1. For the stretch 312-371, what are the residues that are of a type in the set (Asp, Glu) and part of a strand (DSSP E or B)?
2. Can you tell me which residue within the stretch 84-102, out of those that are in a loop (DSSP other than H, G, I, E, B) and aromatic (Phe, Trp, Tyr), is modelled with the highest pLDDT?
3. Mind counting the residues in the stretch 200-220 that are assigned to a loop (DSSP other than H, G, I, E, B) and acidic (Asp, Glu)?
4. Is it fair to say Leu220 is in contact (Cβ under 8 Å) with a residue 12 or more places away in the chain, under 21 Å from Ile411 (Cα atoms) and surrounded by 12 or more Cβ atoms within 10 Å (Cβ to Cβ)?
5. Looking at the stretch 113-125, is at least one residue loosely packed, with under 13 Cβ neighbours inside 10 Å, in contact (Cβ under 8 Å) with a residue 40 or more places away in the chain and either assigned to a helix (DSSP H, G or I) or on the phi > 0 side of the Ramachandran plot (or both)?
6. How about the stretch 250-278: which of its residues are exposed (fewer than 11 other Cβ atoms within 10 Å of the Cβ), of a type outside the set (A, V, I, L, M) and either assigned to a helix (DSSP H, G or I) or in contact (Cβ under 8 Å) with a residue 12 or more places away in the chain (or both)?
Amino acid sequence: MMAIAAGWIVILLLAGGFALDRTLTNLVEENFDDQLEYMLTAMISSAELDNTGDVYFIRPMGDQRFLEPNSGLYWQIRGEGREDYPSRSLWDRSLDVRGYHSDDGMHLYDSRQFSGEPLRIAERSVMLPGSNTIWSFAVAASREELDFQIARIRSILIWSFAVLGLGLFGMAVLQNWFGLGPLRRVRAAIQNLRATGADRIEEPLPLEVEPLVEEINALLAHTNRQAEEARTHAGNLAHALKTPLTVLTNAATARADDLADTTIREARTMQRHVDHHLARARAVGRRAVGHARTAVCESAEAVRRAVERLYPDTRFDIAGNRGAMVAIERQDLDEILGNLIENAAKYGGGSVFVTVDAEAGSRQCVIWVEDDGLGIPEEERGRIFDRGARLDTGKPGTGLGLAIVRDVAEIYGGSVELDESEDLGGLMVLLSLPRSQ
């Protein structure tokens, strides 16, 4: 920021200094030229012709320098075929003008005909009354005074703009330093946060950085929630594996006759717990990558074909919005629908209805999975989502299906509810998932 400020200050000061230099220089030169023009006009108005046709002045030139040799101010009159008429200040020199002109305008130009003395010459060609000769009147002045004034102006400009530039840059540095001061306070607050182990920034900070502090606190809260979730699920997995491992240890220690069957049964239980936590971990990782886009009907049809092989006598019906898309990975949607449809086929009476986008127009895509089984009493519907909870122990399972569905759906911002199916009389699962934008 300071480098950009310095660059713009230099560019603008250079542009402004150049414009001001040209303006002041032109004003000084115009004033110098106006004086030459005034003296040239007075010279021409004082000129007359004598009896021999030569020019003379009816009144002397007013400036004393015209009488002092090499004074820096000169005049000269030249006519074709006539002898030059110079001022006494020229002494033994003469002005080498650019020649005769047929126009009546004055000509101004610089000359270096005198060594070490640059001149500014005002020259005009006129024809005096009673004469057929074109006379060239010229007034010359040394540029030393003019150049000294221009050099002095430029020196003042350079020093003034240099001081102005340093002052502006110093103000830009101070502005950046004090302007970024709140960020340094945020940095110090974060360092203090890490040193003290606090979970949010409580120090009052300026209004300019309050949105940043709020976002940092939100990020810290989100990180704490993730860490707490990780600890919870690690503890749940350890607890879930602890019982099967204890059973296996006891059976092996006692050299039980059914050790093989016990090992297979408990290993399957542990595998199911591991699959549940791996599914949840995969869902969290995929959600962090970015927004997914999956067609609900394609996933439901794929799950139906797989479940039909396990329950060939069950009738499956999938209806609804065929174009519904949800913001969830295809593999995770297959996991959710697979658990719901398989449970409906397992505990139902032979019919499973799946309605996609049952509540069209809502922000969430709602999927109904219904069966014609016995359903679940309303007082038991909250408990059924607990890990390992099973109402029908007569059929194989671990009680983790609905827990997996709930956890994965909530990771993506969805939800799962249980209700009674009005059409089939059994259980209806309402799965809400965010629509894909």
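1. Asp317, Glu370, Asp371
2. For the stretch 84-102, the residue satisfying everything is Trp91.
3. Residues flagged as assigned to a loop (DSSP other than H, G, I, E, B) and acidic (Asp, Glu) within the stretch 200-220 amount to 2.
4. So Leu220 passes the test.
5. No, the stretch 113-125 has no match at all.
6. Within the stretch 250-278, Thr253 is the sole residue that qualifies.
The values are calculated or read from the model by the stated rules, or taken from the named source; none is laboratory data. What you are looking at is a predicted structure, and each value in this text was computed from that prediction instead of being measured. Note that each Cβ is placed from the backbone with ideal geometry, even for glycine, and that neighbours are counted across all protein chains shown.
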